[in-house]
Amino acid sequence: QVQLVESGGGLVQPGGSLRLSCAASGMSISINRMAWYRQAPGKERELVASITGGGRTNYADSVKGRCSIFRDNVKNTVYLQMVSLKPEDTAVYYCNANYGMMYWGKGTLVTVSS
């Protein structure tokens, strides 16, 4: 059974940084596409960043240069490092795995506010 558990969200001031973690079980993150999505209040869920099994990364234009997705294969954990956070980054962030079907975590809330 695949499970994805996010952590690391919280309240941060504009310009601050956060690192989100997604601990996976029941699958290997090293050979599957993993991604982070986010959903702001009243908006549709959108892709933030993804990483393929081969290590290729992709970022939404809105976060390019401010976010980095990477993984620790030993810990079977995917991370999203975010810097220079803006109020518009406020959203629930979801971990996603493409493993035959799409799996989702429950999300972690990021609030960027002064």
Calculate one ³J(HN,Hα) per residue across region 28-42 by plugging θ = phi - 60° into the Karplus curve 6.51 cos²θ - 1.76 cosθ + 1.60, and present them in order as whole Hz with x for glycine and proline. 9, 6, 6, 10, 10, 6, 10, 8, 10, 10, 9, 9, 8, x, x
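What ranking of T57, T108 comes out by heavy-atom accessible area, probe 1.4 Å, highest first?
T57, T108
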Relative to 2.2 N^0.38 Å, what does the C-alpha radius of gyration of the chain come to as a ratio? Two decimals please. 0.99
Given a Förster distance of 25 angstrom, what is the FRET efficiency for L11 paired with K43, based on the Cβ-Cβ distance and rounded to 0.05? 0.80
Relative to the compact-globule estimate 2.2 N^0.38 Å (N residues), the Cα gyration radius of region 44-108 stands at a ratio of 1.13
Averaged per residue, what accessible surface does the chain expose to a 1.4 Å probe, in Å²? 53 Å²
Simple Cβ-charge dipole of the chain, Lys/Arg +1 and Asp/Glu -1, about Cα centre, in debye nearest 20: 140 debye
What spacing in nm lies between the two simple spin-label points modelled at K75 and S25, each 7 Å away from Cα in the Cβ direction? 1.7 nm
With just the Cα atoms defining each centre, how far is region 5-42 from region 65-95? Give it in Å. 5 Å
Amide H within-cut-off set for G16, under 5 Å, with H built and near neighbours excluded: L85
Can you send over the carbon and sulfur percentage of the accessible area for the chain, probe radius 1.4 Å, protein chains only? 49 percent
Sort K106, K64 by heavy-atom solvent-accessible area, probe 1.4 angstrom, most to least. K106, K64
Please give the residues of region 85-99, grouped as numeric ranges, whose backbone N is less than 19 Å from a label point set 7 Å along the Cα-to-Cβ vector of T52. 96-99
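The values are calculated or read from the model by the stated rules, or taken from the named source; none is laboratory data. Note that the structure is a prediction, hence the values are computed from the model and not measured. Every residue, glycine among them, receives a Cβ derived from its backbone with ideal geometry; neighbour counts consider all protein chains shown. For the accessible areas, the whole protein counts, side chains as well, though only heavy atoms, and no ligand, DNA or RNA atoms are used. Shrake-Rupley method; radii C 1.70, N 1.55, O 1.52, S 1.80 Å.
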